[in-house]
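Notes follow once the structure below has been shown.
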Amino acid sequence: MEVRGVRVPDLLYGTAWKEDATEALVRAALAAGFRGIDTANQRKHYLEEGVGRALARGGVGRDDLFLQTKFTFRDGQDHRLPYDARASIAAQVAQSFDSSLAHLGVERLDSLVLHGPSRRDGLGQEDHEAWRAMESIADQRRVS
């Protein structure tokens, strides 16, 4: 499938819950032929830095990869936040995205996902604010 000129692989390699094995497992996934990588800037369940190390050493060019990360609201995080919890939601999205780029060692991403709504039922104002911030990142062509 192709979306906005970006080829989306049929399968993505998920990087949650790998911890210290993240780098080695992502490298193995790349060697096995995976060209789509899914991660999140949520240290509670993901080690994006390990994904970035694997990408740097994996021997696959950036243009041959589909990279996806996620923005996770405060309630889905632990104490290792990728943003300032006192900042606006828009600023948190921007800070998390910039941190993901640094973790992954890339200048752009192919997909940015909202990692669940801000509350249990329905969508709140925070969800709309996060979505607008994500649209702004896409409008800047930092994510496809």
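The values are calculated or read from the model by the stated rules, or taken from the named source; none is laboratory data. All values reported here derive from a predicted model rather than from experimental measurement. For neighbour counting, all protein chains shown are included, and Cβ atoms are generated from backbone atoms with ideal geometry for every residue, glycine included. We work out accessible area using only protein heavy atoms, side chains counted, and drop any ligands, DNA or RNA first. Shrake-Rupley method; radii C 1.70, N 1.55, O 1.52, S 1.80 Å.
How many residues does segment 86-109 contain that are in contact with a Ser or Thr (Cβ under 7 Å, 6 or more places away or on another chain) and part of a helix (DSSP H, G or I)?
The initial filter retains those residues of segment 86-109 that are in contact with a Ser or Thr (Cβ under 7 Å, 6 or more places away or on another chain), namely 100, 109.
Among the residues that remain, those that are also part of a helix (DSSP H, G or I) are: 100.
Residues meeting the conditions: 1.
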Query raised in the report: Would you pick out the residues in segment 81-98 that are under 27 Å from ALA29 (Cα atoms) and of a type outside the set (Gly, Ala, Ser)?
Result: PRO82, PHE97, ASP98
Query raised in the report: What's the number of the condition LEU112 fails, among (1) crowded, with 19+ Cβ neighbours inside 10 Å; (2) not in a strand (DSSP E or B)?
Result: (2)
Query raised in the report: Considering only segment 87-101, how many residues are open to solvent by 50 Å² or more (accessible area, probe 1.4 Å) and over 17 Å from the mean Cα position of the chain (by Cα)?
Result: 1
Report task. Among the residues of segment 7-54, count how many are open to solvent by 50 Å² or more (accessible area, probe 1.4 Å), over 23 Å from GLY116 (Cβ atoms) and either in contact (Cβ under 8 Å) with a residue 60 or more places away in the chain or assigned to a helix (DSSP H, G or I) (or both). Result -> 7
Requested in this report: Considering every residue within segment 93-102, establish whether at least one is over 13 Å from ASN41 (Cα atoms) and not basic (Lys, Arg).
Outcome: no
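Residue-wise test of (1) open to solvent by less than 30 Å² (accessible area, probe 1.4 Å); (2) under 15 Å from ALA130 (Cβ atoms).
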| residue | (1), (2) |
| --- | --- |
| GLY59 | no, no |
| PHE66 | yes, no |
| ALA85 | no, yes |
| HIS103 | no, no |
Report task. Please name all residue pairs, on different chains or six or more residues apart, with Cβ atoms under 6 Å, provided the first residue is in segment 85-108 and is farther than 15 Å from GLN140 by Cα and the second residue is assigned to a helix (DSSP H, G or I) and open to solvent by 40 Å² or more (accessible area, probe 1.4 Å). Result -> ALA85/ARG74; ILE89/GLU126; ILE89/GLU129; HIS103/GLU49; GLY105/ALA56
